[in-house]
1. Place the peptides 94-106, 57-69 in order of packing, highest mean first, counting for every residue the other Cβ atoms within 10 Å and averaging per peptide.
2. May I ask you to sort CYS81, CYS449 by Cβ crowding, counting other Cβ atoms within 10 Å and putting the fewest first?
3. How large is the convex hull of the C-alpha atoms of the stretch 336-474 per residue, in Å³?
4. Where the only charges are on Cβ atoms (+1 Lys, Arg; -1 Asp, Glu), what is the dipole of the stretch 336-474 about its Cα centre, to the nearest 20 debye?
5. Long-range amide H contacts for LEU291: which residues qualify at under 5 Å (H placed 1.01 Å from N, peptide plane, sequence gap of 5 or more or a different chain)?
6. What are the ³J(HN,Hα) couplings of the stretch 467-478, residue after residue, when phi is run through the Karplus curve with 6.51, -1.76, 1.60 and θ = phi - 60°? Round to Hz, x for glycine and proline.
7. How far apart, in nanometres, would the label points at SER357 and SER336 be if each is projected 7 angstrom from Cα along the Cα-to-Cβ direction?
8. Provide the per-residue ³J(HN,Hα) series for the stretch 353-368, in order, calculated from phi with Karplus coefficients 6.51, -1.76, 1.60 and θ = phi - 60°, each as a whole number of Hz, with x at glycine and proline positions.
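Readers should treat all values here as calculations from the given coordinates under stated rules, not as data from a laboratory. Keep in mind that this is a model prediction, so the values were computed, not measured. Here Cβ is always computed from backbone atoms with ideal geometry, including for glycine, and neighbour counts include all displayed protein chains.
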Amino acid sequence: MKKFYLTTAIDYANGHPHIGHAYEKILADVICRTKRLLGYDVHFLTGLDEHGQKVEQTAKDRGISPQMLCDSVAKEFIDMCALLHISYDDYIRTTQPRHRVIVRDILQKLFDKGDIYKAEYTGFYSTRVERFLHEKDKVNGVWPESEFGQINEITEINYFFKLNPHKQWLVDYITTHENFIFPKFRAKQVLEFLKEDINDLCISRPKNRLSWGIELPFDSTYVTYVWFDALINYISAVYFGTEKFSEFWPVDYHVVGKDILVPAHAIYWPIMLHALDLPMPKTLLAHGWWLCSGEKMSKSVGNVIDPLDYAKQFGTDAFRYFVLREMAVGQDSDFSHELFVSRYNNDLGNDLGNLVSRSSHMLQRYCGGIIPKIMTLESPENEVVNLWSTIRNKVLEAYDRLQFHSALESIFIFIGAINKFLEVRAPWKLAKSDHPKDQERLHTALAVCSEAIRLTATILMPVLPTVSQKILEIFQIKMVSWENQLDWSKECLVNRSLAVKSIILFPKIA
């Protein structure tokens with residue numbers, strides 16, 4: 001089987017799940033579900049970043065150990081993934097021994113190669129983002145307090161990882177590998193950052209300032225800087241140096257928010273991998289932000305959306321549908337309750353939910369709950385069959401290009417066509433006729449409708465895994481892959497008994 005490895009940014013153990021975390025996991029999950037249905041051997045990694053000054057300080061403020069804090073936060077994020085039906089294969093925590101061992105091994109390798117050195121440094125340090133700031137971080141000559149919080153000037157001796165010697169290599173790599181950063185306009189931002197010299201990365205913190213971290217293997221008086229530590233998880237999780245690592249590396253898609261693309265994931269991480277003589281990730285996928293009335297969501301502004309509330313109240317699949325339908329991957333998008341309700345009631349309730357409900361009801365009423373055979377196809381039926389061929393190809397291409405909003409738009413065009421087909425054929429009128437030809441049309445119309453619904457549920461599976469499975473269970477179908485399941489079939493559903501008489505998939509929101 002073809003291998004496929006996807007990683008997400010690991011969440012930081014000093015906060016709670018928000019819509020950005022939820023969207024990133026859902027986006028990654030849909031990509032992985034699609035690949036599995038296409039026959040790939042998928043390894044989907046996510047996890048939690050547990051070290052650093054903010055974690056240590058928050059734990060101290062609460063009167064608990066840093067590990068206790070991380071354990072409680074890990075549960076929140078794991079519970080979020082469960083609620084959102086995130087099908088990850090591995091959940092890594094940077095306090096796990098498997099990670100710690102590889103971090104120390106890599107540090108020693110880079111130290112032995114001369115890529116890590118010790119020096120005194122004076123700089124301005126932001127505890128909020130846990131790094132030294134540079135002139136290029138300033139906006140209109142000052143460091144924004146809203147982004148960096150309190151800033152202190154610090155002079156101390158630390159260990160540094162050489163970045164600048166690799167800068168030209170990285171520029172050349174980004175320039176010659178057009179698929180390395182998605183969307184492509186983000187690559188221009190990275191290259192703009194690289195126009196100037198880049199400071200070497202301070203990869204240590206003295207224990208007298210921070211003790212919560214992975215101890216340097218070559219100096220026990222220091223711990224590893226949290227960002228250097230965290231970026232190694234993507235290789236430690238697949239057991240760097242083992243056969244499993246060689247099976248899955250390099251990463252096919254690394255999914256991160258646009259705010260942490262530069263410098264961490266598009267500069268620090270590639271240079272770290274290059275220094276280790278490892279292949280680069282195939283694509284860094286930087287997604288956008290969810291906004292509220294055009295503004296970034298913020299607790300201080302009071303416009304934060306709790307994704308878990310929406311998933312619990314209206315259903316996980318409805319929430320998954322909304323965020324994928326509304327956001328073009330890589331762009332920003334607005335979230336509003338009104339827009340969510342509109343999508344839920346119109347797309348999911350009226351179009352999809354009502355189609356499944358009334359079709360199953362008519363099959364029970366007019367066919368005794370047994371799906372009839374497709375007889376002679378006339379013009380209305382042929383329009384549906386031909387449209388499916390076009391829609392299927394469009395959707396699969398959109399899935400492959402990560403254009404999930406376009407894929408869903410196409411699917412719901414097909415759903416609209418099925419609903420229109422039912423209005424044209426009007427089975428409730430044909431049922432009143434005793435003419436054999438009308439009875440044949442009645443059975444054919446309901447059979448065509450059933451097959452169209454089966455195909456719709458099948459191709460919607462990555463986005464609506466629970467609802468799609470419920471729909472397929474109505475027809476008593478179990479599906480594990482898309483092989484031979486996306487082709488129009490006259491025989492697939494013939495003589496199957498409906499498992500339920502009626503079903504309401506999306507109760508209307510008042």
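1. Top of the packing list down: 94-106, 57-69.
2. CYS81, CYS449
3. 106
4. Dipole of the stretch 336-474, to the nearest 20 debye: 260 debye.
5. SER333, ASP334, PHE335
6. 5, 4, 5, 4, 5, 5, 5, 4, 8, 6, 10, 10
7. A separation of 2.7 nm, rounded to one decimal place.
8. So the Karplus estimates, Gly and Pro as x, are x, 5, 4, 5, 5, 6, 5, 5, 5, 5, 5, 5, 6, 9, 10, x Hz.
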